[in-house]
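All remarks here apply to the structure that follows.
The values are calculated or read from the model by the stated rules, or taken from the named source; none is laboratory data. Owing to the predicted nature of the structure, the values given are computational and were not obtained by experimental measurement. Positions of Cβ are backbone-derived with ideal geometry, glycine not excepted, and every protein chain shown enters the neighbour counts. Just the protein is used for accessible areas: all its heavy atoms, side chains included, with ligands, DNA and RNA removed. Shrake-Rupley method; radii C 1.70, N 1.55, O 1.52, S 1.80 Å.
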Protein chains: 2
Amino acid sequence: MPSEFWIEDPSRLLRVGAGFDLRAVDPDAKPGTAARKAEGAAELARAAQELRGLQEKLFAQSRLGAPDRLLVVLQAMDAAGKGGIVNHVFSQVEPYGLALSAFKAPTEEERAHDFLWRVEPRVPTPGMIGVFDRSHYEDVLIQRVRGFAPPEEIERRYGAIVDFERRLAEDGVRVVKIMLHISPEEQAERLLSRLDDPEKHWKYNPGDVDERELWAEYMEAFSIAIERTAAEHAPWYVVPANAKWYARAAVQRIVISELQRIDPQWPEADFDVAVERSRIERTSDLSWP
Amino acid sequence: MPSEFWIEDPSRLLRVGAGFDLRAVDPDAKPGTAARKAEGAAELARAAQELRGLQEKLFAQSRLGAPDRLLVVLQAMDAAGKGGIVNHVFSQVEPYGLALSAFKAPTEEERAHDFLWRVEPRVPTPGMIGVFDRSHYEDVLIQRVRGFAPPEEIERRYGAIVDFERRLAEDGVRVVKIMLHISPEEQAERLLSRLDDPEKHWKYNPGDVDERELWAEYMEAFSIAIERTAAEHAPWYVVPANAKWYARAAVQRIVISELQRIDPQWPEADFDVAVERSRIERTSDLSWP
């Protein structure tokens, strides 16, 4: 690892593999590091250059035709910190290279189509890092818990997601799915702190408590979705997220590892450098005004 | 002004008003400050919180129905620093609140429609800061210089732009247009430095030199476009940009001023805080696993 913060690579430790059991993941754990909060913020700042360097190369090589791109799917219970991940990790990426999509409850038009219809146009184009704040996984999470779709349709969707993500992989899209995992106690604290601060009231949605009451059902739906859709070509990571600083540093490191795996390269010039130099030098006496 | 960096408010000094003459703007000038490069970087970092605070309020108030949003149009000759403005100023905005659109040469489909057809869907929605890297102004800049459209069509477009931007203003969109103004000598240096660095070759486009050769024609086209479309409801700013640090700090300050003008407010809660608190407290014993 390139830092003292990480003793072991969290992208290996947090990756869902055979025998996965969500019950065994402690939301308070901090796999891979022995560091504390202040060091988390320092690591986040330190690794920003690493992240941005890789992202810039990914973007650059796409200008000359490389198909690679990264799609990071963020899923979590409310107040688990998706917004903080976007604002503290993905804000480190150049705006030109970031495509953020927040998925809300589907509109009437969206509901009239297959559940992947609204997702397809949000898939990042070559060179981009796409981030989904919620995603097609809502269609097997809230839709399952709330019974918005019949069981056989939910069942069909797991397979449809696997096929969809395999097609993306074949097209150069590295799909990486991340669950931020908090405890119900931590969620209660965060929701209460939103109520305590009038400047945070706009982030509070009474509907979040309705979903909270179904915590066990949601965890079951997450478990099944993760098990059914974790794949070599589209891995799941479950990130303990009771400590925001840990979750942010871990997601940053996962994204860096996934970009290193793509291994983007500065593209070769498709013009003659000497010719271009002399063309510019010939126009050195433009006078204006 | 809230800092020692700015002696006078650049948003006042750089704003295009009556009697505007582009020839009188020195690309090396640094109106409003006596500071130097290192202080520019410090100011940029210092004011980030100010910018982000206003932007977050703008976003927050839209969640409860406020229509306000900001659209910043960036126009300039190649290598004038639009990319740096996005990467150093607008990267300070939360990704959720930023909508960046880079306009390239129009596609065949786009050319089959009116020139504003492709712009309309990129106008930011309430709460957002939209940034156009190039824009509908290309349709009266390169299109005029290159004669891609006949003179009477170019003539029509100035009026169409004024009407379009007035309609946006009536709809809650504050439209702010910024020209980054460099000298041809500075452009030559920047293009040559891209050629000197293989990691920057992907940013180099031989076509840029073709446009460079028409510098005087471009400056005339900019002058006319600015004069014809500068309005109280959609102002132009011409920012001297030979010094990147000055241009970045000045654009940051212009954006902050424009957001202060909108004066966004934290929205009132549309729920009963006490009721919500007790709902959360009632669910404090959710046990999982």
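Numerical summary
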quantity: Filter result for A:L74 (open to solvent by less than 20 Å² (accessible area, probe 1.4 Å), closer than 25 Å to A:I129 by Cα and not in a strand (DSSP E or B)); calculated: no
quantity: Any hit, region A:191-204, residues being within 14 Å of another protein chain (Cβ to nearest Cβ), open to solvent by less than 10 Å² (accessible area, probe 1.4 Å) and assigned to a helix (DSSP H, G or I); calculated: yes
quantity: So A:A102, is it modelled with pLDDT of 95 or more, open to solvent by 30 Å² or more (accessible area, probe 1.4 Å) and under 12 Å from the mean Cα position of the chain (by Cα); calculated: yes
quantity: Condition met for B:G19 (among the small types (G, A, S) and either open to solvent by 60 Å² or more (accessible area, probe 1.4 Å) or over 18 Å from B:I254 (Cα atoms) (or both)); calculated: yes
quantity: Residue within region B:212-226 that is within 8 Å of chain A (Cβ to nearest Cβ) and open to solvent by 40 Å² or more (accessible area, probe 1.4 Å) present; calculated: yes
quantity: Residue check for A:V89: closer than 28 Å to A:L191 by Cβ, among the β-branched types (V, I, T), at pLDDT 95 or above and open to solvent by 10 Å² or more (accessible area, probe 1.4 Å); calculated: no
quantity: Residue among A:A66, A:A79, A:A45 that alone is closer than 30 Å to A:K203 by Cα, within 14 Å of chain B (Cβ to nearest Cβ) and part of a loop (DSSP other than H, G, I, E, B); calculated: A:A79
quantity: Test for B:I154: is it under 22 Å from B:F20 (Cα atoms) and open to solvent by less than 10 Å² (accessible area, probe 1.4 Å); calculated: yes
quantity: Selection count, region A:261-289, where residues are more than 14 Å from chain B (Cβ to nearest Cβ) and out of contact with any helix residue (DSSP H, G or I) (no Cβ under 7 Å at 6 or more places or on another chain); calculated: 2
